[in-house]
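Below: one structure, written as structure tokens.
The values are calculated or read from the model by the stated rules, or taken from the named source; none is laboratory data. Being a predicted model, the structure only gives us computed values, none of them experimental. Cβ placement follows ideal geometry from the backbone for every residue including glycine, while neighbour counts extend to all protein chains displayed.
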Amino acid sequence: MSTITIVGLSHRTAPLEIRERFVIEGDAARAALRRLAAAGCGEAVLLSTCNRTELYLRADSHANARALAVRFLSGHAGINETDTDSYIYQLFDEHAIEHLFRVVSSLDSMVVGEAQIQGQVRTAYEMARGEGVLLGPVMPRLFETALRVGGRIRTETRLGTGAASIPSAALELARKIFGSLKGRSALVIGAGEMSELTVRCLRDEGVRNVTVLNRTDARAHELAMLLDARAITFAELPAALAAVDIVVTATSAPHIVLTREIVRNAIGGSRDRPLLILDIALPRDVEASAGELDNVFLYDIDDLSQVIEGNLQKRHSEIDAAQAIVKAEALGFQQWYRGREIVPVIRELRGWAEKLRAAEVERALKSMRNLSPADRTAVEALTKQLMAKVLHGPTTRLRDAYASNGDAGIAELARNLFGLDADTTNADNETMEVMQDEG
Amino acid sequence: MIGLFHTTALLCYSVAAAFLGAAFAGRKNGVRAGLAIATAGGLLHLCGLVAYANVFGEAPLVGLAPSLSTLGFIIVVFLLLSALLSDSRPLLLIVLPLVALVVLAAVLLGLHPTGQPLAFRGPWFALHVLFAFAGFAGLTVSAAAGVLYLLQFRELKGKHLGRVFRFFPPLPTLDAVGKAGVFVGFPSLTIALILGWGWSMRFRHALSMEEAQVIWGVVTWIVFACMTAIRAPWLAARERRGALFSVVGFIIVVLAYVVLRVSPAARGGFL
């Protein structure tokens, strides 16, 4: 019987410098899936993010799947298999199912409740489907169920609420001060990655006019083009400060860039609109006393971290509720998964019953020569219906009992009871038909 | 029946306030539950007022207890409307306990007619009282929004980014609710004063500026006028000043009521 196996490494088992060697993306990931399928792993899904690389395999045996996965991962990372072994973990069947559900729900993420993982799992699943390496019903159902579980957790718990990154914490503060950010304007001082990320978040929320100021004009213009913004020089800074609602500053300057005096002169004495200054530089760019000015709200990295910390505590209080959903869904999937193994037995039982029925009907009809064709049809239909009703109860109970216990002895007992032959028919091919018949 | 409806409504308001307090402390779904229970309380309260009108054949607008109950109900209506139309459900945290106190006072004083003259049962008087209560409800909601605004502003300015920061609505939302309270309450009170003047001229053929209710009405009107002027677009920091004056204005109106109630001017029969 095929098994579900996960082989991989994550932020829990390997440091960043090791994890980054195992990252496989884009065309390399597609090629990897094809190679794995050709090597005989059965079905495969490859999930590779900055915090984990995991192979989800459906193969004939755990040992085969593991050996294949380790060989593949070692070859890709350029690390020998013994060293790879020290970083990877493997999970099988019910543990693998529960792990996937935890991963997609972000319960296994570095930042619990992060939203990206759901999309990353979906992308990995769709890539595998696109490459044609998902041949049976199990892996698609597993991943579709996982994505549904992730959606459920985000809807039914507050695991993903509240800012958990610097840009999103900045957004949370901006919303509390301004309400909607639609139509607001922002000034970016410093053209680094964090400035860019923060401004992108603000843009997504509707901040319309963005102005960029940087020590080097070329970089300012580059970022302005990237953000569909306007680049200015230091001479234009006071006018820009007076006009905007939000200032994001993240320069690498070793000294103060915005003094209290500059801010005070820019906003004047009668400004009614609040001015939000997000100083995400280290060392800080803005003089701390600028925050004492009327209607000026000044926050630095520590303040944003305070917002994040509060939200993470709230998220952690939701873990138990999320975990309960994962366990319940994993149990439901396991019952379906185990129930499949009884499919060949049910098929044999139906086959045996049909042979018996057909033989008895033939024998009976031979002695009822006066029956019209319509009557013969009615007799056939009656006996078929009778047999279906007789078998419905036992087959349903057989499947439920196997799903609950997973005990191969139940299948054996059913064979013995009805005198069936052992059959090695592939359950995957029969699963959908039987499940449709069972309704 | 009247007492039962009012007592159950009072219980609902108290429980709703408790749920909101729990939500503030971090409990999930506290706001939704609080809002649902407050709405149920409002419906029961309405049943109590309708029952009063059915039993006694007059609207619950005359006498301290019935008037307090009606005022409490109108405040709840304003609150629920503002919670529905804006993200200001935490406002219920401040105002529901106040409403519960008002309804408790009404229940303890006894919900029955005071035997006032027939003139008090006419449409003039009813409209006068209803518009006046709408004015006071607007003032109450504006003051509550002002309290939340000032607290949230203090937390944001002082970088205290804890429960208040997370639970309270954004500053513009609170300012909008405060403004709505003023811009609904002020015209309502103005109409109430005009109707009151008309009613006095019709039934008493005189309006004495020394009567307690007239003094209180005028003081409240002046407070409202100042609250409106403070929010003029050309004034700096009008949001914060507006919030502050809503709170101060509410306190002035309540103090004025207390002073007038115990003064000799109230002996003519003041609410």
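For segment A:284-312, the candidate set comprises residues that are in a helix (DSSP H, G or I) and aliphatic (A, V, I, L, M); within that set, the residue that is nearest to the other protein chains (Cβ to nearest Cβ) is A:307. Summed over segment A:1-20, the residues that are over 22 Å from residue A:122 (Cα atoms) and surrounded by 17 or more Cβ atoms within 10 Å (Cβ to Cβ) give a count of 2.
Against the condition more than 15 Å from residue B:136 (Cβ to Cβ), touching a Ser or Thr at 6+ places or on another chain (Cβ under 8 Å) and at pLDDT below 90, how does residue B:206 come out, does it pass? Yes; evaluated as a whole, the condition is true for this residue. Looking across segment B:177-191 at every residue that is more than 10 Å from residue B:136 (Cα to Cα) and crowded, with 21+ Cβ neighbours inside 10 Å, the one that is nearest to the other protein chains (Cβ to nearest Cβ) is identified as B:177. Candidates in segment A:237-272 are the residues that are surrounded by 14 or more Cβ atoms within 10 Å (Cβ to Cβ) and of a type in the set (D, E, K, R); of these, the one that is nearest to the other protein chains (Cβ to nearest Cβ) is A:272.
Take residue A:107 and tell me if it is surrounded by 17 or more Cβ atoms within 10 Å (Cβ to Cβ), away from chain B (no Cβ under 14 Å) and touching a strand residue (DSSP E or B) at 6+ places or on another chain (Cβ under 7 Å).
Values: surrounded by 17 or more Cβ atoms within 10 Å (Cβ to Cβ): yes; away from chain B (no Cβ under 14 Å): yes; touching a strand residue (DSSP E or B) at 6+ places or on another chain (Cβ under 7 Å): no.
Criteria not met by residue A:107.
Would you confirm whether any residue within segment B:225-240 is of a type in the set (Lys, Arg), assigned to a helix (DSSP H, G or I) and within 14 Å of chain A (Cβ to nearest Cβ)? Yes: one or more hits. Annotation note: of B:78, B:73, B:133, B:125, the sole residue that is hydrophobic (A, V, I, L, M, F, W, C), part of a helix (DSSP H, G or I), out of contact with any Lys or Arg (no Cβ under 9 Å at 6 or more places or on another chain) and closer than 19 Å to residue B:261 by Cα is B:133.
Just checking: which of the helices (runs of 4 or more DSSP H) contained wholly in segment A:359-439 hold 1 or more residues that are modelled with pLDDT of 90 or more and charged (D, E, K, R)?
Counting at least 1 such residues, we get A:373-405.
Assigned to a loop (DSSP other than H, G, I, E, B) and either closer than 20 Å to residue A:246 by Cα or among the aromatic types (Phe, Trp, Tyr) (or both): does that describe residue A:180? So residue A:180 fits the description; yes. In the set (1) within 14 Å of chain A (Cβ to nearest Cβ); (2) buried (at least 20 other Cβ atoms within 10 Å of the Cβ); (3) within 26 Å of the chain's Cα centre (by Cα), residue B:172 fails one condition alone, (2).
Filter segment A:275-289 down to the residues that are surrounded by fewer than 22 Cβ atoms within 10 Å (Cβ to Cβ) and in contact (Cβ under 8 Å) with a residue 24 or more places away in the chain, then identify the one that is farthest from residue A:173 (Cα to Cα).
As a first pass, look at segment A:275-289 and keep what is surrounded by fewer than 22 Cβ atoms within 10 Å (Cβ to Cβ): A:282-284, A:287-289.
Those left that are additionally in contact (Cβ under 8 Å) with a residue 24 or more places away in the chain: A:283-284, A:287, A:289.
On the way: A:283: 21, A:284: 18, A:287: 19, A:289: 19 Å.
So, considering only residues that are surrounded by fewer than 22 Cβ atoms within 10 Å (Cβ to Cβ) and in contact (Cβ under 8 Å) with a residue 24 or more places away in the chain, the one farthest from residue A:173 (Cα to Cα) is A:283.
Give the residues of segment B:156-169 that are closer than 22 Å to residue B:26 by Cβ and either surrounded by 19 or more Cβ atoms within 10 Å (Cβ to Cβ) or within 8 Å of another protein chain (Cβ to nearest Cβ) (or both), sorted by residue number.
Within segment B:156-169, B:156, B:159, B:161, B:162, B:165, B:166, B:167, B:168, B:169 meet the criteria.
Contact map, segment B:149-160: residues that are in a helix (DSSP H, G or I) paired with residues that are surrounded by fewer than 18 Cβ atoms within 10 Å (Cβ to Cβ) and β-branched (Val, Ile, Thr), Cβ distance under 6 Å, separation 6+ or inter-chain. Pairs shown: B:151/B:164; B:155/B:164. Listed here are the helices (runs of 4 or more DSSP H) enclosed by segment A:1-96 that have at least 2 residues being under 17 Å from residue A:133 (Cβ atoms): A:26-38, A:62-77.
Note on segment B:13-34: among residues that are crowded, with 20+ Cβ neighbours inside 10 Å and touching a residue at least 40 places away in the same chain (Cβ under 8 Å), the one that is nearest to residue B:167 (Cα to Cα) is B:23.
Residue-level analysis places residue A:124 outside the set of residues that are more than 14 Å from every other protein chain (Cβ to nearest Cβ) and closer than 30 Å to residue A:243 by Cα.
A quick yes/no check of all residues on (1) closer than 24 Å to residue A:138 by Cβ; (2) free of Cβ contacts under 8 Å to residues at least 60 places away in the same chain; (3) aliphatic (A, V, I, L, M):
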position: A:12; (1), (2), (3): no, no, no
position: A:15; (1), (2), (3): no, yes, no
position: A:34; (1), (2), (3): yes, no, no
position: A:42; (1), (2), (3): yes, no, no
position: A:78; (1), (2), (3): no, yes, no
position: A:83; (1), (2), (3): no, yes, no
position: A:86; (1), (2), (3): no, yes, no
position: A:94; (1), (2), (3): yes, no, no
position: A:101; (1), (2), (3): yes, no, no
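Let's see how each residue does on (1) within 36 Å of the chain's Cα centre (by Cα); (2) modelled with pLDDT of 90 or more; (3) polar (S, T, N, Q); (4) within 24 Å of residue A:291 (Cα to Cα):
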{"site": "A:185", "(1), (2), (3), (4)": "yes, yes, yes, yes"}
{"site": "A:228", "(1), (2), (3), (4)": "yes, no, no, no"}
{"site": "A:237", "(1), (2), (3), (4)": "no, yes, no, yes"}
{"site": "A:244", "(1), (2), (3), (4)": "no, yes, no, yes"}
{"site": "A:251", "(1), (2), (3), (4)": "yes, no, yes, yes"}
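For segment B:192-219, residues that are part of a helix (DSSP H, G or I) and either surrounded by 15 or more Cβ atoms within 10 Å (Cβ to Cβ) or within 13 Å of chain A (Cβ to nearest Cβ) (or both) total 14.
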